[in-house]
1. So ASP113 ticks every box in (1) more than 25 Å from SER24 (Cα to Cα); (2) in a loop (DSSP other than H, G, I, E, B) but one. Which box is left unticked?
2. Would it be correct to say that ASN35 is in a loop (DSSP other than H, G, I, E, B), surrounded by 12 or more Cβ atoms within 10 Å (Cβ to Cβ) and more than 13 Å from the chain's Cα centre (by Cα)?
3. Select from segment 71-84 the residues that are more than 23 Å from GLU128 (Cα to Cα) and either outside any strand (DSSP E or B) or open to solvent by less than 80 Å² (accessible area, probe 1.4 Å) (or both) and list them in ascending order.
4. Inspect all residues belonging to segment 20-35 and state whether any of them is farther than 30 Å from SER119 by Cβ and at pLDDT 95 or above.
5. Take the residues in segment 116-136 that are of a type in the set (A, V, I, L, M) and assigned to a loop (DSSP other than H, G, I, E, B), then tell me which one is least open to solvent (accessible area, probe 1.4 Å).
6. Do you know which of the residues in segment 47-61 that are within 13 Å of the chain's Cα centre (by Cα) and open to solvent by less than 50 Å² (accessible area, probe 1.4 Å) is farthest from VAL96 (Cα to Cα)?
7. Got at least one residue in segment 27-34 being over 13 Å from PHE107 (Cα atoms), small (Gly, Ala, Ser) and in contact (Cβ under 8 Å) with a residue 12 or more places away in the chain?
8. From ASN108, ASN88, grab the single residue that is farther than 20 Å from SER14 by Cβ and surrounded by 15 or more Cβ atoms within 10 Å (Cβ to Cβ).
Amino acid sequence: NSDEPCTCTPGTSSKTITIKVKASDWQYSDQGNNNYFYVGADVPEITEHVFDKGEVKAYLVKDRNNSYYARKHVLPYVMHKEDYINGNWVFYTETVDFTYGIGWAEFNFRASDFAYEESLDINPEEMEFDIVITKP
């Protein structure tokens with residue numbers, strides 16, 4: 001977590017909070033249909049004032065420690081994928097999304113083929129996120 005706010009424009013400040021999610025942290029929604037994986041986080045910096053008048057954005061961070069490959073993807077992050085499985089091509093889309101409320105945030109992972117509905121051995125990988133909070 002970065003505790004150093006930066007001055008952005010007169011009267012506003014910004015803070016970045018890093019959240020690392022292990023593969024084992026993802027929880028399955030198990031709601032009967034259109035399931036997805038999610039992980040929640042306590043984010044007390046998202047106050048009622050920030051919720052009503054500020055701005056909260058989230059990014060999927062890849063290869064943070066590699067200066068050449070490091071990058072951030074603003075959420076939602078959508079990736080079209082293909083896998084060659086048992087002699088057949090399988091095409092699907094993975095989506096990583098973000099929602100938040102006062103004091104909390106949640107990251108969601110969905111795959112368009114819903115293969116994890118048939119095999120709970122399929123689990124999202126470890127991911128790293130940055131939440132950027134702009135206070136008015």
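1. Just one mismatch for ASP113, condition (1).
2. Judged against the criteria, ASN35 is a match.
3. Across segment 71-84, the qualifying residue is only ASP83.
4. Within segment 20-35, none of the residues are farther than 30 Å from SER119 by Cβ and at pLDDT 95 or above.
5. Top of the filtered list is ILE122.
6. VAL56
7. no
8. Exactly one of ASN108, ASN88 is farther than 20 Å from SER14 by Cβ and surrounded by 15 or more Cβ atoms within 10 Å (Cβ to Cβ), namely ASN108.
The values are calculated or read from the model by the stated rules, or taken from the named source; none is laboratory data. Predicted, not measured: the structure shown is a model, and the values here were computed from it. A quick note on method: Cβ atoms are made from the backbone with ideal geometry, for glycine too, and the neighbour counts reach across all protein chains shown. Accessible surface is based on the protein model in full, side chains and every heavy atom, while ligands, DNA and RNA are left aside. Shrake-Rupley method; radii C 1.70, N 1.55, O 1.52, S 1.80 Å.
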